[in-house]
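Data block below; observations after.
The values are calculated or read from the model by the stated rules, or taken from the named source; none is laboratory data. Please read these numbers as outputs of a predicted model, since none were measured by experiment. Reconstructed Cβ throughout: ideal geometry from the backbone, glycine too, with neighbour counts over all protein chains shown.
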Amino acid sequence: MSGRKVGDVILDVQNITLSFGGVKALTDISFNVREHEVRAIIGPNGAGKSSMLNCINGVYWPQQGSITFRGQTFKHMNSRQVAEMGVARTFQNLALFKGMSVLDNIMSGRNLKMKSGILAQALRWGPAEREELAHREFVEQIIDFLEIQAYRKTPVGRLPYGLQKRVDLGRALAMEPQVLLLDEPMAGMNVEEKQDMSRFVLDVNDEFGTTIVLIEHDMGVVMDISDRVVVLDYGKKIGDGTPDEVRNNDDVIAAYLGVEH
Amino acid sequence: MGFFLETLFGGLMVGMLYSLIAIGFVLIYKASGVFNFAQGAMVLFAALAMARFAEWFPLWFGFQSQVLANILAFIAAMAVMVLVAWLIERLALSRLVNQEGITLLMATLGIAYFLDGVGQTLFGNDIYKIDVGMPKEPLLVLQGSFEGGLLLSQEDLIAALVAAGLVVVLAIFFQKTATGRALRAVADDHQAAQSIGIPLKRIWVIVWSVAGFSALVAGIIWGSKLGVQFSLSLVALKALPVVILGGLTSIPGAIIGGLLIGAGEKLSEIYLGPLLGGGIEIWFAYVLALVFLLVRPQGLFGEKIIDRV
Amino acid sequence: MFYRENGQFKSSYRADQQIFPIAQDRIAIALLLLVAFVVVPLGVSDYWMRAILTPFLILSLAALGLNILVGYCGQISLGTGAFMAVGAYAAYNFHVRIDGMPLIASMLLGGLCATLIGVLFGIPSLRIKGLYLAVATLAAQFFTDWAFLRIQWFTNNSSSGSVSVAGLNVLGMPIESAVQKYIFCLVVVVVFALLAKNLVRSAIGREWMAMRDMDVAAAVIGIRPVYAKLTAFAVSSFIVGVAGALWGFIHLGAWEPAAFSIDRSFQLLFMVIIGGLGSIMGSFFGAAFIVLLPLFLNQLPAWLGFSISTALASHLETMIFGALIVFFLIVEPHGLARLWSTAKEKLRLWPFPH
């Protein structure tokens, strides 16, 4: 549950249909997300959850439908534009920059905010150096927050999975996003790691008011931390409401547990 | 008009020769996802082997027949190419399995240099003849329609037929035999193929041997036409634009691509060349490939390249 | 026990972000520079400076430029020779056509021309990658081969494409003798190496590496793929162009298009791969290796007590060269730079095993 007061609708997804060749990944999906809330997207594997996030992020362009963000409507999103508008995300398969250290990976999330030109960076004089140091300070705060100080110079490829997931989150946080899309942030984690990650997510929502849209399979986590839930199955929406409403929805139960014949 | 047709035919024939080399590229790419920069070096190496064996066998074994020498030399050269394929697989490929594309590409460049060096050390670096009885006199055709008739090279015509024959043989091989099916599976997904029991190593040796075979055929034909010399491996670089046009995964594409490049080169040299100062053959094929890459990167017949997140 | 960081605590981010944070490294570099600037000119023979050190420096610079494109940004280029040629010929034109044009200005302008061509041929990288991009860069290579041979304006109407320069000087100081040439190249290389190192550890460097490692994710965090790729081509071509101008003006004195042929492109690519992709220091290692290897192979038969014909020697060199490339790619794909940093790691613990 978020401690903040939930605001107006900040992100509105309308009638999104997405197909790849003959396969329909998403059919006529509509839902909205309110500012400062924690919105979960759940559903069995292959339901189209990641594809939905990819549409919001501009990685995929849906064939039909539109997305409204802060009052501006788009037929499809442009990744960079989305990032500039304040939407950040983590990836299910950890799209980290394997050749770089933890520090560099998270610093790359600050690139949007860095203004120095190439020449200034090459000479590394005054303003350019100061800017680099200022952003380093900000990133160090994130590193503190995620408790990964000891690993800051390690190449991310060498870290265990759980830590890599934290770096992924750190990189997204570095963008100071208004909306954070988390794609299975707790996948592959044990109980303690999940508790840590849930704590990070809730802290981010609490302290910075960041709206969270999260895909997650662990029902316990979802019911615990989300304000509202969307349920997808085979690319269609089959449930939308508070955790309790969704828990008692027959269609959802059928999709997850099967129906007695 | 007659001149135009002659130039066109000449270009098409040269194009077929490029295709012969390009087929080797496509084979290896189809079956292992490796872009074999060493294909040109393989053509030269095979041609050198053929030329020298055909010269040495009569001396070593004391017989006169040129035909017998050629046959034995062909078998020996083929054996050498299989050995080369096995060595490449054993020493280089199997140890580079999980590396990215650029690493494999560089490795084949290294192999190319190595083959160049070895070939010239073992077989010498003069210009050698290959004589497989290709008719050298040109053919005069269509004397009725055009004054004096059109001059066609018989040698090139035979080369074209051989290339076409090679394509047919390879197509049958890929589609109809169990090994061909295994090769296609490997091209699709190495790990999946391995998990259903396809012996990856053996498959790669087979593929590189087949590519070696096509290199040998190409080498014999080019060598018969030009003489076997070092510049052959540079000519082979021309095969790159051919596969770009035709599509890296398509053998018929290699033929079509070759025809387009060959004809385009010759025609552009004759008609465009004088405007630009001549000698544009050295870059025409590449600039054409560049244009294709911007417009249709997968070539005419290749598979579309999709990036997934 | 000598190479330890114990006691070297950094109390500010600025200190942590130095190029050489470990004191021993700083001392080593200072010594190296001392040797390079002072000891070498005094103690090394003219032959060594002319035939080995100066070409090594210039090729290191070119390898540095190429490394930015291939190693840091992940874009393959087989047309480096072309950009060197553009740098050389453009600088030549500025030098001979404009009276009193300072040498450094000509070279920098030559580099800028190379930048323009580099960006032009970098545009395909926005749509294609990997080996497809490699073929596109080959188009640049062959096109410039032809252009400098046939388009007479570029070469001041020389029919064979060959040109020459003489009487070079900087602010009145002549660049004629072996020592003068060596020092000039050394200064240029040190300056560019510093600038390059600054770039790769700044925001733009991270953008380049992000594009190399995962370009889809890069777009999602707000990096502009077009800007990143084209700046990589631009910066890389600039450096390579200046290196080309140095090669023509300082090392060769007189040159024709064949000096920048596809063999040069392959040679530079090998330097970058053997030296270490994505490493400034690696470019130097790679250049040293490639420059010294033929010398070594040439001397080896003499040391072992037998002689071989020059033709055979050159074939063997090609063979060993190719074999070494494959060997390196198998054993240490990250090149000599990785071997060096692994050695340093071991040195930190020495004499303890772990």
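Here are a few things to note about the model shown:
- Which listed residue, of C:Ser265, C:Ser307, C:Ser279, C:Ser283, is of a type in the set (Ser, Thr, Tyr), on the phi < 0 side of the Ramachandran plot and more than 19 Å from the chain's Cα centre (by Cα): C:Ser307
- Meets criteria (within 11 Å of chain C (Cβ to nearest Cβ) and assigned to a helix (DSSP H, G or I)) for A:Gly157: yes
- Against the conditions (1) crowded, with 19+ Cβ neighbours inside 10 Å; (2) in a loop (DSSP other than H, G, I, E, B), B:Ile23 satisfies every one except (2).
- Selection of region B:99-124 for residues being within 7 Å of chain C (Cβ to nearest Cβ), without any contact (Cβ under 8 Å) to a residue 12 or more places away in the chain and closer than 19 Å to C:Asp213 by Cβ yields B:Gln99, B:Ile102, B:Thr103, B:Met106.
- Unmet requirement for C:Gly248, which otherwise passes all of (1) closer than 29 Å to C:Val119 by Cα; (2) within 14 Å of another protein chain (Cβ to nearest Cβ): (2)
- Unique match (being at pLDDT below 85, closer than 30 Å to B:Asn70 by Cα and facing another protein chain (nearest Cβ under 10 Å)) among B:Leu293, B:Leu234: B:Leu234
- Some residue of region A:208-216 being part of a helix (DSSP H, G or I), out of contact with any strand residue (DSSP E or B) (no Cβ under 8 Å at 6 or more places or on another chain) and modelled with pLDDT under 90: yes
- Test result for C:Leu34, within 22 Å of C:Leu336 (Cβ to Cβ) and not polar (S, T, N, Q): no
- Looking at C:Leu336, C:Leu347, C:Leu300, just one residue is surrounded by fewer than 16 Cβ atoms within 10 Å (Cβ to Cβ), touching a residue at least 12 places away in the same chain (Cβ under 8 Å), among the aliphatic types (A, V, I, L, M) and away from chain B (no Cβ under 12 Å), and that residue is C:Leu347.
Table: residues versus (1) away from chain C (no Cβ under 13 Å); (2) surrounded by fewer than 17 Cβ atoms within 10 Å (Cβ to Cβ); (3) touching a Ser or Thr at 6+ places or on another chain (Cβ under 7 Å); (4) assigned to a helix (DSSP H, G or I).
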{"site": "B:Ile198", "(1), (2), (3), (4)": "yes, no, no, no"}
{"site": "B:Leu260", "(1), (2), (3), (4)": "yes, no, no, yes"}
{"site": "B:Trp283", "(1), (2), (3), (4)": "no, no, no, yes"}
{"site": "B:Phe301", "(1), (2), (3), (4)": "yes, no, yes, no"}
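- Answer from C:Arg206, C:Arg201 - the residue that is of a type outside the set (Val, Ile, Thr), within 21 Å of the chain's Cα centre (by Cα) and over 27 Å from A:Val59 (Cβ atoms): C:Arg201
Yes/no matrix, rows are residues, columns are (1) at pLDDT 80 or above; (2) out of contact with any Ser or Thr (no Cβ under 9 Å at 6 or more places or on another chain); (3) surrounded by fewer than 22 Cβ atoms within 10 Å (Cβ to Cβ):
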{"site": "C:Asn156", "(1), (2), (3)": "no, yes, yes"}
{"site": "C:Ala166", "(1), (2), (3)": "no, yes, yes"}
{"site": "C:Ser177", "(1), (2), (3)": "yes, yes, yes"}
{"site": "C:Lys181", "(1), (2), (3)": "yes, no, no"}
{"site": "C:Val190", "(1), (2), (3)": "yes, yes, yes"}
{"site": "C:Ala193", "(1), (2), (3)": "yes, no, yes"}
{"site": "C:Lys197", "(1), (2), (3)": "yes, yes, yes"}
{"site": "C:Arg201", "(1), (2), (3)": "yes, yes, yes"}
{"site": "C:Met209", "(1), (2), (3)": "yes, no, no"}
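- The single residue among B:Leu259, B:Leu290 that is within 19 Å of B:Gly15 (Cα to Cα), touching a helix residue (DSSP H, G or I) at 6+ places or on another chain (Cβ under 7 Å) and either basic (Lys, Arg) or touching a residue at least 60 places away in the same chain (Cβ under 8 Å) (or both) turns out to be B:Leu259.
- In this entry, B:Ile270 is excluded by the filter for residues that are in contact (Cβ under 8 Å) with a residue 12 or more places away in the chain, assigned to a helix (DSSP H, G or I), within 17 Å of the chain's Cα centre (by Cα) and more than 9 Å from every other protein chain (Cβ to nearest Cβ).
- The residue pairs whose first member lies in region C:248-261 and is under 19 Å from C:Ser60 (Cα atoms) and among the hydroxyl-bearing types (Ser, Thr, Tyr), whose second member is assigned to a helix (DSSP H, G or I) and modelled with pLDDT under 90, and whose beta carbons are closer than 7 Å, counting only pairs six or more residues apart or on different chains, are C:Ser261/C:Asp145.
- Tally of residues being without any contact (Cβ under 8 Å) to a residue 24 or more places away in the chain and crowded, with 24+ Cβ neighbours inside 10 Å across region C:223-247: 1
- Unmet requirement for B:Gly223, which otherwise passes all of (1) part of a helix (DSSP H, G or I); (2) free of Cβ contacts under 8 Å to residues at least 24 places away in the same chain: (2)
- Against the list (1) under 29 Å from C:Gly253 (Cβ atoms); (2) buried (at least 24 other Cβ atoms within 10 Å of the Cβ); (3) modelled with pLDDT under 90, the condition C:Pro41 fails is (2).
- Test: A:Phe138 is in contact with a helix residue (DSSP H, G or I) (Cβ under 7 Å, 6 or more places away or on another chain), among the aromatic types (Phe, Trp, Tyr) and either at the interface with chain C (Cβ under 7 Å from one of its Cβ atoms) or under 18 Å from A:Leu169 (Cβ atoms) (or both): no
- Helices (runs of 4 or more DSSP H) contained entirely in region A:1-118, each with at least 3 residues that are at pLDDT 90 or above and surrounded by fewer than 21 Cβ atoms within 10 Å (Cβ to Cβ): none
- Residue that is nearest to C:Phe249 (Cα to Cα), among those in region C:103-128 that are crowded, with 22+ Cβ neighbours inside 10 Å and within 14 Å of chain B (Cβ to nearest Cβ): C:Ile117
- Taking the numbered list (1) under 30 Å from C:Leu131 (Cα atoms); (2) of a type outside the set (D, E, K, R); (3) modelled with pLDDT of 75 or more; (4) loosely packed, with under 14 Cβ neighbours inside 10 Å in turn, B:Leu59 passes all entries but (1).
- Residue count for region B:32-56 satisfying the condition of being crowded, with 24+ Cβ neighbours inside 10 Å and away from every other protein chain (no Cβ under 14 Å): 7.
- Filtering region B:87-98 to residues that are among the aliphatic types (A, V, I, L, M) and either facing chain C (nearest Cβ under 7 Å) or assigned to a helix (DSSP H, G or I) (or both) leaves B:Leu87, B:Ile88, B:Leu91, B:Ala92, B:Leu93, B:Leu96.
- Of the helices (runs of 4 or more DSSP H) lying entirely inside region C:137-221, the ones with 1 or more residues being more than 25 Å from C:Ile104 (Cβ to Cβ) and within 9 Å of chain A (Cβ to nearest Cβ) are found at C:203-213, C:215-220.
- A:Glu132 vs. criteria within 10 Å of chain C (Cβ to nearest Cβ), buried (at least 20 other Cβ atoms within 10 Å of the Cβ) and among the charged types (D, E, K, R): yes
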